[in-house]
Amino acid sequence: MSTAILTGQPVPGSSLEGDLRSLGYDVRAAADAADAETLLAAVPADQRVAVVDARFVGHVHALRLGLTDPRFDAAAIPGAVTAKPAARAALGRALRTASTDASNGSVVVGIVTDRVADALDTDLHRPELGELVAEVPRDPQARNEARQAVASVDEEAIRLRTAVKSRDGFFTTYCISPYSRYIARWCARRGLTPNQVTTASLLTALIAAGCAATGTRAGFVAAGLLLLCSFVLDCTDGQLARYSLQYSTLGAWLDATFDRAKEYAYYAGLALGAARGGDDVWALALGAMVLQTCRHVVDFSFNEANVNSTPGPGATANSSPTAAFSDRLDGVGWTVWLRRMIVLPIGERWAMIAVLTALTTPRITFYVLLVGCAFAACYTTAGRVLRSLTRRAQRTDQAARALADLADSGPLAESLARVIPSPLPVLARLLALAGAVVVVLAAWIDGPGWSTVVCAVAYVLVSGDVVARPLKGPLDWLLPPLFRATEYGTVLILAAKADVNGALPAAFGLVAAVAYHHYDTVYRIRGGAGAPPHWLVRAIGGHEGRTLLVAVLAALLTATDFKVALTVLAVAVALLVLFESIRYWVTAHRRGAPAVHDEGEPA
């Protein structure tokens, strides 16, 4: 339960108390700031508190935006201010300041909320209200005009419109959101939570994967339809969170993690369905997962490298000519949508997969998916490389730390970094690129042989050189995706070269488990928690350790034994990373970790 303290004289006929109770507040009345300070001290320390002027006139959704958003410790709108437990002390000091001002005659008794908001010595969120009304009229005429303004605005239409993500893909914006927002409202009115809708979306996608695994035309058609239904629910959970302001750390993690689980489980379902028809496309399924995961790592690394960077001397935050050209293109309406479609975001990608599944074969579906994702990856990566080369920026220690965490270097690389003198940064990066190319080529040419092991050892050595220095170079954000591509590509090639039934599905499981670990790392960094614990990174070997281990197992074991080893390794990694991930996120949720909600680029 939260507590709202009304200050000043109550207004006959006002619905304010009822509105606050509908938002979950227990309402108490205070005559002035000093009385409000006394009431605040009596409220349990673990409760949210709001101070609201009794003469407030406005929309209920304005109060909801200002007083119930869980993402911010303190927030204010005209006539109302709120503080979560973390900001309660600041609210108390602000009330004390307002009380002192009132006793000195500098503030009229009863008009304290705006003064309290101005006096808060903590980060204060002021939501954009747009057409919503929130004001404190000082005379009957102004009050009547404010009520007329409230009546003239369709509050529910605004609430529905703002429930839709401000930036999204073309397919989502025009084919899903026009009706999914109404599903979100339906869910809100029945007390459903975003996490429940997220779980329903996952279950729907898993059923779709099961339908695809039947290998029949009816199963493929059903799978395509269910995949689209899963995506509708995937949009609905975020819209429900925005509609009802039900944001949470656990919800953001579930939404992001389940998106990847749904897509990759569907790839596996397609591969199983194709196998029933006599067509082995596991290599294509694994290739699609590798490509998509590496695309995401490019996005994550670039964002983390630049979100905390500072402009160099004489430069602005957006001084890159490439970025300026991109901004000019965004000024032309049709280019915005074209560029969003080119990168093949989740809406366009899932729609394409669903249609191709229903109308063609899994092999054709994967071919088109691989070509589309490869083009999108080249387009986005090339643009970001140009931005990095032409923008003068200084990487902060925080950005360098995030890139080092995303690199996922294990005990071998860390030990070598301490004992081997590091070459010049440029040389170290070139050696890392060469080592990555060599180990993948060796796996491709020699397959499960000792030359691949030798190249993997060389890869371990050069990867240790890379982490010996802070990753603050203009293109250092490319290193995490380079390591991902090397590790995943080596596993894919060696499993394919083993040429035994079950090797590629086992490799699919191993890459999926490791990819989950990498996604989990990203979401922890985004939530401000940093990387997973060091013991976990050491236990699963780091990218260089796993690459070397897979190369050694392929060289030592027979094809059948190698398949078994990949399966055991996949299960071991999955159990470790899932245990630690679930433990962390559930604990963070129970401890009241800051609520987050992703409004960034479409995945």
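The values are calculated or read from the model by the stated rules, or taken from the named source; none is laboratory data. Please read these numbers as outputs of a predicted model, since none were measured by experiment. Quick reminder, even Gly has a Cβ in these numbers, built from the backbone with ideal geometry, and neighbours come from all protein chains shown. Keep in mind that these areas ignore ligands, DNA and RNA; they rest on the heavy atoms of the full protein, side chains included. Shrake-Rupley method; radii C 1.70, N 1.55, O 1.52, S 1.80 Å.
Observations on the model:
- Per-residue 3J(HN,Hα) values for the range 5-21, derived from phi via the Karplus relation 6.51 cos²θ - 1.76 cosθ + 1.60 with θ = phi - 60°, read 9, 8, 10, x, 6, x, 9, x, x, 6, 9, 4, 4, x, 5, 5, 5 Hz in sequence order (x marks Gly and Pro).
- Site pair LEU549 and THR38 shows an inter-label distance of 6.6 nm when each label is modelled 7 Å from Cα along Cα→Cβ.
- Taking every DSSP helix (H) stretch of at least 4 residues in the chain, weighting each as -39,500 (n - 2.57) and dividing the sum by the residue count yields a mean residue ellipticity at 222 nm of -22000 deg cm²/dmol.
- Peptides ranked, highest mean first, by Cβ atoms within 10 Å: ranges 349-362, 144-157, 375-388, 200-213: 200-213, 349-362, 375-388, 144-157
- Sites ALA572 and MET352 - FRET efficiency at Förster radius 35 Å, r taken between beta-carbons, to 0.05: 0.50
- When every Cα-Cα distance of the range 466-525 is counted in 5 angstrom steps from zero, the calculated P(r) takes the values 4, 16, 19, 20, 16, 11, 8, 4, 1 percent.
- Gain in span if fully extended, ASN501 to ASP561, counting 0.36 nm per residue against the direct Cα distance: 20.4 nm
- The dipole here belongs to the chain: it is taken about the Cα centre, uses +1 on the Cβ of Lys and Arg and -1 on the Cβ of Asp and Glu, and is about 600 debye.
- Here the peptides 218-228, 74-84 are ranked by packing, the mean other Cβ count within 10 Å, and the order with the highest first is 74-84, 218-228.
- Of the DSSP H helices in the chain, those whose Cα atoms cover at least 30 Å axially and whose Kyte score averages 1.0 or more: 425-446, 559-590
- The alpha-carbon atoms of the chain define a convex hull whose volume equals 173 cubic angstrom per residue.
- Per residue, the chain exposes 42 Å² of accessible surface when a 1.4 Å probe is rolled over the protein heavy atoms with every protein chain present.
- For ALA74, the residues whose modelled amide H falls within less than 5 Å of its own, excluding neighbours fewer than 5 places apart on the same chain, are LYS84, HIS125.
- Difference of contour (0.36 nm per residue) and Cα-Cα distance, ARG189 to ALA529: 119.0 nm
- Amide hydrogen proximity for ALA29: with H placed 1.01 Å from N in the peptide plane, the residues at 5 or more positions away or on another chain lying under 5 Å are LEU6.
- Between SER15 and VAL368, the contour length at 0.36 nm per residue exceeds the alpha carbon distance by 121.3 nm.
- Solvent-free Debye scattering, log10 I(q)/I(0), computed from the Cα coordinates of the range 548-593 at q = 0.24 Å⁻¹: -0.80
- Carbon plus sulfur fraction of accessible area for the chain, probe 1.4 Å, in percent: 63 percent
- Once both labels are positioned 7 Å from their Cα atoms along Cα-to-Cβ, the gap between LEU203 and ALA434 label points is 5.6 nm.
- When DSSP beta bridges are restricted to pairs lying wholly in the chain, around 50% turn out antiparallel.
- For the peptides 264-270, 21-27, 441-447, the ranking by mean Cβ contacts within 10 Å, running from highest to lowest, is 264-270, 441-447, 21-27.
- With the simple model of a label 7 Å out from the Cα in the direction of the Cβ, VAL307 to ALA31 spans 5.0 nm.
- Projected onto its three principal axes, the C-alpha set of the range 5-75 covers 32, 27, 16 Å, listed from the longest axis down.
- Normalised by residue count, the range 181-306 yields a Cα convex hull volume of 101 Å³ per residue.
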